Every structure is written in structure tokens, then in C-alpha cells.
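Just so you know, all these numbers are worked out from the coordinates, no wet-lab data involved. All of these numbers come straight from a predicted model, not from anything done at the bench. Cβ atoms come from the backbone with ideal geometry, glycine included; neighbour counts cover every protein chain shown.
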Amino acid sequence: MKKLLILLFSIFFLSSPYVFADDISDFQIEGISIGDSLLDYMTEEEILNEIELNKNDYYYLNEPNKYSEIYTNKNLQKYDSVSFFVKNSPAGEYITNKNEKYIIVTIRGLIDYTEDFDGCIQTRNEIVEELSKLFPNTDKSEYFFEHGIDPSGDSIIDAVYFEFGSGAETEVSCTDFEETLRIKYGWVDNLSVVIKSAEIVSWLEDY
């Protein structure tokens, strides 16, 4: 079922009339695009609760609180959960126009592959194969590295990136957390499909 869900997503995502564009705002995950206001999909109370809950997730970065990650599993068709990055500003600094508040700068779709890393890699490779055909002139790279959130070095990420000329990226990756850490924090090993803006790429690389 997991494989079917992600492949259905692939068909939808890749059938977009904009697949050859360099503007990632033309792409969608669960019908949501970069540049949308998160208020169109979640209430402000839900957003603020998620910001508080996840405020320490990127403590290892040089500017850990520059952006906030917000998760939801409501009304999804193809993923177990979806997360969004928005710029983390004090509430008083947000402007009143709803369409300009909590602007989404990255979208990530997640599917649970706990204790099935090999299965995750197999599905990821199928998606990468299709993306490679659609983006033959895009810089593609694969990295296997330790997750920055785990000082033991036992949590790993195996990721493939498609880099656009704008500095934005599409990422397809598998994450395998160290078991004790995963259980302690209630995390899941996962397949992740990400539409990542250039500003988030720069922020995540600064650690």
C-alpha cells in the first residue's frame, strides 16, 4: 500500500503541466504549493501550537529558529503526514493580510517506513528514476550522511537531490533513526519527498 500511495503521488506530481519549469511554486504536494498561505489549510491556533511543539528540532543549525516546521495529518490522500516551513517571526510582526501570513517556503510529504529501510530505498529509487527522465538537465546528486539531530551518528539519511538553477531543490530521501531516539521522541523512519525553496536550502546547510 505504501508503494502504491507514493507512486500515485508521482503520477500526479509529474503530470503537472509545469514539470519542465524552474519555478518550484508551480509544483504541489497534496494540492499545496510554495507561496501559499498556511492559513488556507490550518487554523492559526494549530500553526502556533506546532511552532511551539517543534521549536527545538533544528537546534544544531547556526540559526535554529529562523524558520519553523509545522506538521499536519489532516485531510491527506497520499501521505501519512505533511510538513511545512514558514518564517518564524514574533506574532506581533505578522501583517494583517491573511494571504501574506505564514507563507509556505517548503513542503514535505512523509510516508512511514519504520523498520523497512530497504523498502523505502526501493520506492525512492523508483521515484528518482522518473524524475531523472523528466529533469535530464538538472544537477542530480546522492548523499548518505548522519542526521544532524543525533549526536551518536547512528541516525542516517540517504537522499537524492535535484538542484534547480534558482537554488531550489527537490529531494527524495529515506531517514532511518537510531531506535532508542526514535522511540523516545515518537519519530518514524520515513520516505520524504520535498519541494524546497532556495532560502531553506541555504538555512539547512548552515550548521
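With a sphere of radius 11 Å drawn around the Cβ of TRP203, what net charge do the other residues whose Cβ falls strictly inside it have (Lys, Arg +1; Asp, Glu -1)?
Around TRP203, the charge tally is -1.
Can you sort PHE27, PHE144 so the residue with the fewest Cβ neighbours within 10 Å comes first?
Details: PHE27 19, PHE144 10.
So the ranking, lowest neighbour count to highest, is PHE144, PHE27.
Tabulate in residue order the Karplus-calculated ³J(HN,Hα) for the range 201-207, using 6.51 cos²θ - 1.76 cosθ + 1.60 with θ = phi - 60°, rounded to whole Hz; enter x for Gly and Pro.
Per-residue couplings from phi come out as 4, 5, 5, 5, 8, 9, 8 Hz.
Contour minus end-to-end for GLU30 and ASN125, with contour as 0.36 nm per residue of separation and end-to-end as the Cα-Cα distance?
Once the chain is fully extended between GLU30 and ASN125, it gains 32.1 nm.
I need the phi-derived Karplus couplings for the range 140-149: 6.51 cos²θ - 1.76 cosθ + 1.60, θ = phi - 60°, integer Hz, Gly and Pro marked x.
After applying 6.51 cos²θ - 1.76 cosθ + 1.60, I find 10, 9, 10, 9, 10, 8, 7, 6, x, 7 Hz.
As an exercise, use a Förster radius of 22 Å and the Cβ-Cβ distance of SER132 and SER166 to find the FRET efficiency, rounded to the nearest 0.05.
E(calc), rounded to 0.05, equals 0.70.
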